[in-house]
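What follows is a single structure, written as structure tokens, with notes after it.
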There are 2 protein chains.
Amino acid sequence: MTRAAPYDRDKTLDRAMQLFWSKGYHATSLKDLEAALDMRPGSIYAAFKSKDTLFRLALERYHARMAEVFEEKLAETESPLQALADWLRLHVERRLRDPAPPACMLAKTSLELADVPGEAGAEARAYLRRVGERFAEVFALARARGELPDSADPERLARLLQAKIMGLTVFLQRETDPEVLLMLADDMAREVLALGHAGTGAPAEHARQG
Amino acid sequence: MTRAAPYDRDKTLDRAMQLFWSKGYHATSLKDLEAALDMRPGSIYAAFKSKDTLFRLALERYHARMAEVFEEKLAETESPLQALADWLRLHVERRLRDPAPPACMLAKTSLELADVPGEAGAEARAYLRRVGERFAEVFALARARGELPDSADPERLARLLQAKIMGLTVFLQRETDPEVLLMLADDMAREVLALGHAGTGAPAEHARQG
DNA sequence: GACTCTTTTGAGCATTCGCTCAAATTACGA
DNA sequence: TCGTAATTTGAGCGAATGCTCAAAAGAGTC
């Protein structure tokens, strides 16, 4: 090796992720990327091959970051159900503090690149599927610990939760009042915790197996 | 007047809506529109002024269509709560039958045009706000009829419901199994109906006022 | 300092973008 | 049948798009 790349690949990918996350794939031009990464076109293509590839690296990074925060919360909380509820609230609190885009990048991409040829849209949907599977594992764990009735269907609960979360992040885009948003996250968190109180034959017995 | 336009403006707008709905704003080129509307660029600009204007007309149309179906269901059902639940299921059933794009065009647009200058994104968010207000009216009606406890907060319930619906439509994009989707709609419908059984001091007392 | 290998540079490619406008076409009244 | 005004046409505009590549610049070895 005779010359090291002067840029920090990690920070560069972070900036690309931030930009793509906020503007989406199509609305982000190479001029935008050149400015954000402080690199000239040739360097960008030498380092990342194409706009498409760079976008997919940004997607992968986004997924990894989100999973990291989630697993952290899960590890530090006794009850899996409580961890899900806490994470929901934490998610909104973070978005109120950070200048990060409010909506989920995976959901955004899945929608933007729905009928557009290319792998990026399908890739985003694959990541979403993995997130859903992880939620199902957590619900299964909760059931094994007796937090959920035996009749509970982890996959079904996971889909319901994931749909709610994606809806929450879409909602974050149109609403800015912190109080309202925290209330919404709280309502969803309560619905998760209420699953634990069910199985008594009482109300809120949605999402049973079969 | 000496020459009538040969095209049917209503059908033309429908086709434009379908195209924008499915591909989004940026991924839809004028070439695509020319083909879908069977019009040459000059005619399109004479009739609709610009791509942006045409897109906003498509948005308006989408909102009107959705509102129409909703109001119809509401009018034909005794209980407002039941109407909401039925409409939720109806929505998914329709998407399974029709070849229409699965995701809500308003949510899609709100996300795609989040950080992009222009009015279209804000307009989509304004329509979403109107939908939310309508939901709140329906919940208020349910409360007035005694279907909900006096302590219920219609606006809060409306936000929760709307977030769930948007999440549902995002979910529709990644999942295609009809059984799974109907199950999900059913779970959400049940959560709406469960609100009616609350107020007994039992579980599922989320979304109270204050 | 000269040589080598790697990386950056940026002018500029081909293509596509949204859009315009002078000319051709059409349907009506006289 | 003709004149007229509204409408359609499509070649093509200027600008922007994603991207390339020959040349320049830098970091290491001797």
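The values are calculated or read from the model by the stated rules, or taken from the named source; none is laboratory data. No experiment lies behind these values; they were computed from the predicted model shown. Quick reminder, even Gly has a Cβ in these numbers, built from the backbone with ideal geometry, and neighbours come from all protein chains shown. Just the protein is used for accessible areas: all its heavy atoms, side chains included, with ligands, DNA and RNA removed. Shrake-Rupley method; radii C 1.70, N 1.55, O 1.52, S 1.80 Å.
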Roughly how many Å is it from the Cα centre of the stretch A:149-180 to that of the stretch B:104-146, as a whole number? 17
Pairs of Cα atoms farther than 39 Å apart, the protein assembly as shown, %: 22
Counting only other chains, and only Cβ atoms inside 10 Å, what mean value do you get across the residues of B:23-34? 3
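Counting Lys and Arg as +1 and Asp and Glu as -1, each charge on the Cβ, what is the dipole of chain B about the Cα centre in debye, to the nearest 20? Walk me through the intermediate numbers first.
Details: 30 positive and 33 negative charges, 147 e Å.
Dipole about the Cα centre, nearest 20: 700 debye.
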Using a basic spin-label model with each label point 7 Å from the Cα along Cα→Cβ, how many nm lie between residue B:52 and residue A:137? 4.7
Inter-copy spacing of residue A:122 label points, which lie 7 Å from Cα along Cα→Cβ, given in nm from shortest upward: 3.9
In debye to the nearest 20, the charge dipole size for the protein assembly as shown, taken about the Cα centre with +1 at each Lys and Arg Cβ and -1 at each Asp and Glu Cβ, equals 1360
Please list, or write none, the lysines whose alpha carbon is within less than 19 Å of the alpha carbon of residue B:11, excluding same-chain residues fewer than 8 places away. B:23, B:31, B:49, B:51
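If you count, for each residue, the other Cβ atoms within 10 Å and average over each peptide, how do A:100-113, B:145-158 line up from highest to lowest?
A:100-113, B:145-158
For the stretch A:59-197, what D do you get in µm² per second when you plug the Kirkwood radius from alpha-carbon pairs into Stokes-Einstein at 25 °C and 0.890 mPa s?
The Stokes-Einstein estimate is 157 µm²/s.
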Out of B:24, A:69, A:102 - ranked by how far each Cα lies towards the positive end of the dipole of the protein assembly as shown, with unit charges on the beta-carbon of charged residues - the top one is B:24
With each pseudo-label sitting 7 Å past Cα toward Cβ, what's the residue A:119-residue A:76 distance in nm, one decimal? 3.6
Dmax and Rg, reported as Rg then Dmax, of the stretch A:123-200 (C-alpha, Å): 14.0, 41
Round to the nearest 0.05 the FRET efficiency obtained for residue A:9 and residue B:179 when R0 = 41 Å and r is the Cβ-Cβ distance. 0.40
Kindly give the distances from residue B:89 to its copy-mates, label point to label point, with each label point 7 Å from Cα along Cα→Cβ, as nm values to one decimal ordered shortest first. 3.4
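Quick one: dipole size for the stretch B:100-158, taken about the Cα centre, charges +1 on Lys/Arg Cβ and -1 on Asp/Glu Cβ, in debye to the nearest 20. Display every interim value, and only then the final one.
Working: 8 positive and 10 negative charges, 31 e Å.
About 140 debye.
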So for the stretch B:56-197, taking the charge dipole from beta-carbon charges (+1 Lys/Arg, -1 Asp/Glu), which of B:188, B:144, B:162 sits furthest toward the positive end? B:162
When the helices in the protein assembly as shown are scored as -39500 (n - 2.57) per DSSP H run of 4 or longer and the sum is shared across all residues, what 222 nm value do you end up with, to the nearest 500 deg cm²/dmol? -23500 deg cm²/dmol
At 1.4 Å probe size, with no ligands or nucleic acids counted, give the accessible surface of residue B:43 in Å², nearest ten. 60
Might you work out the accessible area of residue A:39 for me, using a 1.4 Å probe with all protein chains in place, and round it to the nearest 10 Å²? 10
Could you grab the relative contact order for chain A? Cα pairs under 8 Å, six or more apart, rounded to a whole percent. 21
